[in-house]
Amino acid sequence: MAFFKKFLQKICDDDSSTGFKGGPAGTAYFGTVKADSNFNAQNDAAKLKKAIETKGVDEATIVELIAKKSNAQRQQIKEAYQQSTGKPLADALKKALKSDFEEVVLALLMTPPEYDAFEMKRSMKDLGTKEAVLSEILGTRSNKEITAMKITFKDVYGKLLEEQIKGEVSGDLETTLLALCKATRSEDYNIDDGLAKSDAKVLFEAGENRVGTVCSVLINVLTSRSEAQLCKIFQYYGKYSKEGLAKALESELHGNLEDCLMTLVKSAWNKPAFFAESLHLAMKGLGTNTDTLTRIIVSRSEIDLLKIIQEFKRMYGKTLQEAILKETSGDYEKILLALCGTQ
């Protein structure tokens, strides 16, 4: 919670900062994976078949053919492989590969909605729900991405995502996740200055005068306002109080709810920096959280991984690639580095 307080204090104090690193992307592309201009699905499917059937498996060829193609091209390779062999490519790779390398390859073969749905389902499987994964996905995806994920979740798992969440979490965290699940959050890049001021005042009054209601007020604002609007609210809050909101949050929030709302705050302020921090934490200390490492690098590889790499260098003084080299090994390391590119 101390970091939350420090983070909000920085926002409130920094009048010169514009916050919000999002906005219309225009023609710019910030992914690290690009479509192969010399692509031929049938040829790649044949090469993959040979690589899978080679004694000991030709992992280097699999990395080259899977990691250096766009997701749309991978879907065409899957189709070509199915047509030529009569078997799903994913099944063949499952039998041939193992461990974290297998996880990355299979993730890359899914469409983005399929992969998000898969990760959501996996985080609610068996004993113990991984609430941080639910918060990360629902807290960082666009309305369009959430809608596509929900449709895929129902198609693949035969159950509404909302119903699955209701069965796994409760209380304010459930309220927050279900609000995000509606995929109705404003995505307007234009800032309503008057609304930002009134929202900041509402948050101040809830925190200072009615501490018990600060959770519901905060949840409502964070799950309905656009990211650009939220950044302006954070700044205006500093006009009312330097400590009120942080103190209210400190007394009201803890654990998974705090983490979820913190995801929304950080993601609104600077989404690539949020992911950079998540990657850093996944590789910090003893043992590497390969699930997080794989999920972020795969899911952001055609969206903003280039920006994440830039933020990682700025925040930690070393490249993401250097961190991956230190914390991973073998074919898993090679495919992650291939996805990150040579920046």
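The values are calculated or read from the model by the stated rules, or taken from the named source; none is laboratory data. None of the values given here were measured: they were computed from a predicted structure. Every residue, glycine as well, gets a Cβ built from its backbone with ideal geometry; the counts of neighbours run over all protein chains shown. Surface areas here come from the heavy atoms of the whole protein model, side chains and all, with no ligands, DNA or RNA. Shrake-Rupley method; radii C 1.70, N 1.55, O 1.52, S 1.80 Å.
Couple of notes before you dig in:
- Cα lying deepest toward the dipole's positive end in the chain, options Leu108, Val221, Ile52, charges on Cβ: Ile52
- Spin-label pair Ala28-His254: with each label point 7 Å from Cα along the Cα-Cβ axis, the two points sit 4.2 nm from one another.
- Remark: relative contact order (segment 112-182) = 34 percent; criterion is Cα-Cα distance under 8 angstrom and separation of 6 or more residues.
- Mean separation of Cα contacts under 8 Å, 6 or more apart, over the residue count of the chain: relative contact order %: 25
- Over segment 41-97, the fraction of Cα-Cα pairs per 5 Å bin, rounded to whole percents and listed from the shortest bin up, is 4, 22, 35, 28, 11, 1.
- Fraction of the pair-distance distribution of segment 112-182 above 21 Å, Cα-Cα pairs, percent: 12
- Helical contribution to [θ] at 222 nm, DSSP H n ≥ 4, -39,500 (n - 2.57), averaged over the chain, rounded to 500: -22000 deg cm²/dmol
- Loop-located trypsin sites (Lys or Arg not before Pro) in segment 296-343 (DSSP state other than H, G, I, E, B) with a sparse environment of at most 14 neighbouring Cβ atoms within 10 Å: Lys318.
- The trypsin sites (Lys or Arg not before Pro) found in segment 66-135 that occupy coil by DSSP, while having at most 14 further C-beta atoms within 10 Å, are Lys98, Lys125.
- Segment 66-110 and segment 128-204 have Cα centres lying 30 Å from one another.
- Taking the convex hull of the alpha carbon positions in segment 272-340 and averaging its projected area over all directions gives 3.9 nm².
- Once the Cα-Cα distance is subtracted from the 0.36 nm per residue extended length, the Lys144 to Leu281 segment shows a gain of 46.5 nm.
- Applying 1/(1 + (r/R0)^6) with R0 = 56 Å to the Cβ-Cβ distance of Lys182 and Lys313 gives a FRET efficiency near 0.95.
- Evaluated with a Cβ-only charge set (Lys, Arg +1; Asp, Glu -1), segment 112-182 carries a dipole of roughly 180 debye about its Cα centre, given to the nearest 20.
- 0 to 90° range, to nearest 10: angle between helix 143-157 axis and the chain longest Cα axis: 50
- Between Ala72 and Asp91, the contour length at 0.36 nm per residue exceeds the Cα-Cα span by 4.9 nm.
- When the pairs Lys34/Lys69; Lys34/Lys94; Lys121/Lys154; Lys34/Lys68; Lys55/Lys87; Lys68/Lys334 are compared against a 18 Å limit on Cα-Cα distance, Lys34/Lys94; Lys55/Lys87 fall above it.
- Counting only protein heavy atoms and using a 1.4 Å probe, the accessible area of Ser170 comes to about 90 Å².
- Largest to smallest in accessible area, the residues Met120, Met315 fall in the order Met315, Met120 (1.4 Å probe, all protein chains included).
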